[in-house]
Each structure stands twice: as structure tokens, then as C-alpha cells.
1. Tell me the accessible surface of A:I146 in square angstrom (1.4 angstrom probe, heavy atoms of protein chains only), to the nearest ten.
2. If Rh is defined by the Kirkwood formula over all Cα pairs and Rg also comes from Cα, what ratio Rg/Rh do you get for segment B:18-170?
3. Restricting to Cα atoms and excluding each atom paired with itself, what does the Kirkwood estimate give for segment A:203-278 in Å?
4. Could you provide, to the nearest whole Å², the per residue accessible area of the protein assembly as shown with probe 1.4 Å?
5. Pick out which of A:M221, A:M23, A:M97 has the largest mean-square fluctuation in a Gaussian network model of chain A, springs linking Cα atoms closer than 10 Å.
6. Mean separation of Cα pairs under 8 Å and 6+ residues apart, divided by the residue count of segment A:8-127: what relative contact order is that in percent?
7. To the nearest 100 Å², how much accessible surface do chains A and B cover up together, summed over both, with a 1.4 Å probe?
8. Could you work out the relative contact order of segment B:5-161? I mean the mean sequence separation of Cα pairs under 8 Å and 6+ apart, divided by the number of residues, in percent.
Amino acid sequence: MTDHGMPLGIGIVGVGGIALSHMAALRTMTSAQLVAVCDVDASRAAEVAHAERCEGYGSVEALLADDAVEAVIVCTPNMTHEALGVQVLAAGKHLLMEKPLAMTPAGARAVANEAAERGLALAVGHSHRFSDQSVAIREVIDSGEIGTPRFVRVVMNGGWIWPGWQAWVLNPALSGGHSLHNGTHLIDLASWWIGEPATSVFSVGQHATSESLEIYDYLVMELGFANGASAVCEISRGERPRSASYLELTVVGTKGVVSREWDAEGVLAWTDTGLTAWAADGFAERVFVRELEAFVASSRSEAEVIPPVSAAIHAVDVAAASETSLREGRTIEIGASV
Amino acid sequence: MSAPLTTQPGFTRALAAVRGGEIGLLRAVALDLVAVGGGDALQGLRIEAIGVLRAVTGPSSVELQAHSTSDGGATTFLGRAGHGVVVNAHVSVVAGERRECLRATIRLVGTHGSVLVDLLRPRLDVRTAAGMRHPSFGARRAEVSPGDAAEALTAIAASARSGQTISITW
């Protein structure tokens, strides 16, 4: 179906917040083109389709029936991922699934198996792998300059739980909890930098914003690895002040340390809103362009998918175990089959 | 490190912020200490870590899970103190001639704000044709009592060996 001389035809399922980032990236690309969108809110789909000059559908079935759609980005809530993923792949379309791959380890494997059986590309939106800083850190690790990594600290703390988080995110039955919804980003980075899957997880959470929350809006996961390395993954959406935004990436090796803070290389600005740190120019945009370029390449069998499907499944395994650790207050071993 | 970290002016300022309610009620503490040196440096660093954490949380019981590398060069733990504060720390030593820490940071997270302290600062950046050096400056405050870390460190090592959470007091 794919003609390598033509842009890959992309369809987007669900036109909420994260879809906007994908659409913005697609506008800058020549290797792929947005050809259709769909949403359960058909009027919203039509509105976006008009703005993006593509087809708009009110159902997934209609979008999948469009022959111009060669690959699909699923941008819907977490509880829909498994069923939609299988449906998209069964229709013969390559799939970029927003993280997490699924809400359960079994669900993740079901989607992965469907892709493997059909010989289709399956990528998962672990977008932090594509950031300037993540790539640079990996390059330092690969160079051997800091020796063998034995500790990773990833911190992604912010204060935007409201109005940023919708009702389904706050419901662990629909989002899988914070470990699944955002924690998979951190788990993926930690495992990637350590260079092997985690073997255990111990997690501690807090209801920082309100005790009535059903999820832990402040979450710390401690990962253990078979080689003796460890990682601390801290993620919060309940920081105060609400404008707070702090990201820290540190890898400690046997010979040295590589670290940076989110805006350390950006711009410090004193404005009427106080002191703020602005990210480096084009930082966010490059993440999604790189992710989509990698997806296009894997769809055309020109490159391996990034991250590997096994890593995306592993992120779900660890995140699900983390939720168990939160409930039971103990360390959980990760399945040996990972 | 020459002077104890508990006397570092950024740290004592941050402690004052916690005690003064400037960041609300303390919710979490994260500490990283990475030094260059031999095995004796690591033991000293671990004792420093417990002292710093105790200075922040006060005497407390902590339920934690620890990990250590097989060579004992790196230790990490995550736990929850009896009063609910989440505590995590990483301490490791990179083999080499003993000199200034490679990394020493502590982050205090409160209900209404947070404080990040680079324990290697304040310092000057002096750049010459011969290279860079970073002389520190600033007055240090009276040391917080270091207490006895031996029992806590023994328990942390036991958790790392067993892979199980343990309860300690510092």
C-alpha cells in the first residue's frame, strides 16, 4: 500500500490535546501527511478536519475504511487503547499508539501480537526518548565517558492537575493510575539508559492536591535492575504553585555523572509574572517530529521501531506492578518473561 | 567535602524555609550525593546522607526499600517516613583521587512550593587559560547534630541484600 515516493497517509483517532501536538508536527513534515481524523464527537472531528484540510469522520470504522489512511495515531483515553489498537491493526494499518500501549500487561501483549502477526509497524508514544536532552544523555552513556550506568533519577514535576487533567485521567479504572498514565515515560527512560529491563519496583504515592483523589498525583517509583543498578522515577501533577514545572535527568555511572535540569540551557526571563525559565527554541516541536519520522521509517520497513515493542510492553509491566506496589505497600518483582 | 553538608548555607536556608512554612508542609525529600574517592569516602558519604535527611525530617521511623550494586559502590533507597514524608536518596562513589563531589543536591517538596539546593554552591567560576576552578564562599551555620547513623545504615544494607522493605529509625 505504501508508495515510498509519497507521504505516508496518516489518520488520527481522537482529536484531544495530544493530537494537536501530532498535527503540528505533521504540518512540518514531507514524509507523512494527515489525511483523516475521527472522534466520538463528530462535530469536533469535522471542525478539526476543516482546519487541517483533511477528511473528518465520526467513527473509527469510517476512518479505517478510508484507503488514503495507511497508518493511524491513536490519541484516545487509556482504557480504549487495547481494543482500538487491535482494531486498527486488524484493518491493516500501521499503528502509533499514544502511551501507554495498554492498561494491562495482557492487553499490551495482545496489541503487540496483532501487529507481529500482520507484519505491521507498532510504535508507542514514549516521546521523551526523542527529546534533545534524552538523545544527548544516551550519547554520553554510549560513549563510555561515565562508565556503566548504575543510577538514574528522572523527575517530572508540575502543578497542572487542574484544569489539565480530565475526569478519566483522575479515575484509575479508566487511566490505569498515574504509573500507567505518565509513569511509563519515566520507566522507559530509566530502562533505556540503564540498558536493561527493571526487575522490581517499589512505589510511594501521595494525594498532594486532595485526599479525595482516587489517583496519586505525586508518585515516586524505585526500580531495581538485575545488574544492581537502580532508578528513582518521580512524577507529580500536584505541585504548588500551579505554574511549577521541574524536570531533572541524572545518570550516575561508575566513572562519572551526566545530568541536567529541564530549562538549564534555556532562557531565564524576568517578566511581570516573575522569574520564569523558557525552554530552548523549538524543543517541544522537535520531539514529536522525531517521533513521527521514526514511525514513518518503521512503517516503510526502513528502520526498527523506536522504542522497541518489548520496551513498550515492559513499561506497562512495570507501571502495572507499580500500581500494585502502591496498593500493597511492598516491593513487586517484574515478570521474568519480560 | 571538607565541612559537613548540614552546615552548607543553601541547605540551612532551605531548612529555615521548611520550618518557617515558606513551602507549606514538607511532603518529600530527594537527595543525591556522588563523590570521587575510595571505599572510605563512601562510608563517610552515607553517614552524611543520613545526617542531612535527619536534619530535614527530624528523628523519624522510615519504611524503605534499598538497592546496592554488587561492589557496594552505589546505594539508593526510597521510603516513607512515619509522618508521611516521602524520602529518597542516592549515594555513590566514583573511583579516583579524592576531590570535590561530582554531585550534591537536595530537593525539598512542600504542599505550597519546593526548594532545590545545589550543595556544591555557592561557588565562583574562575576561568583561566589553565582551565576552570570553583572556589566556594559563604559563611556556614552551626552544624546540626549528626546523630548516630550506624543502625540506619546497617538496616539499609539489609534491605538491599534481601530485596525487601524494612523499617528503620534515624
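The values are calculated or read from the model by the stated rules, or taken from the named source; none is laboratory data. Because the structure is a prediction, the values reported are computed rather than measured. Backbone-built Cβ (ideal geometry, glycine too); neighbour counts: all protein chains shown. What goes into the accessible areas is simple: the full protein's heavy atoms, side chains included, and nothing from ligands, DNA or RNA. Shrake-Rupley method; radii C 1.70, N 1.55, O 1.52, S 1.80 Å.
1. Here the residue's solvent-accessible area equals roughly 10 Å².
2. Using only Cα positions, Rg/Rh for segment B:18-170 is 1.00.
3. Final number for the Kirkwood radius of segment A:203-278 is 15.1 Å.
4. On the way: 20820 Å² over 508 residues.
Value for the protein assembly as shown: 41 Å² per residue.
5. Looking only at A:M221, A:M23, A:M97, the biggest GNM fluctuation is shown by A:M23.
6. Values: 228 pairs, mean separation 26.8, N = 120.
RCO, segment A:8-127: 22 percent.
7. Numbers: alone 14620 and 9000 Å², together 20820 Å².
For A against B, buried area totals roughly 2800 Å².
8. Details: 308 pairs, mean separation 51.9, N = 157.
Reported as a whole number, the value is 33 percent.
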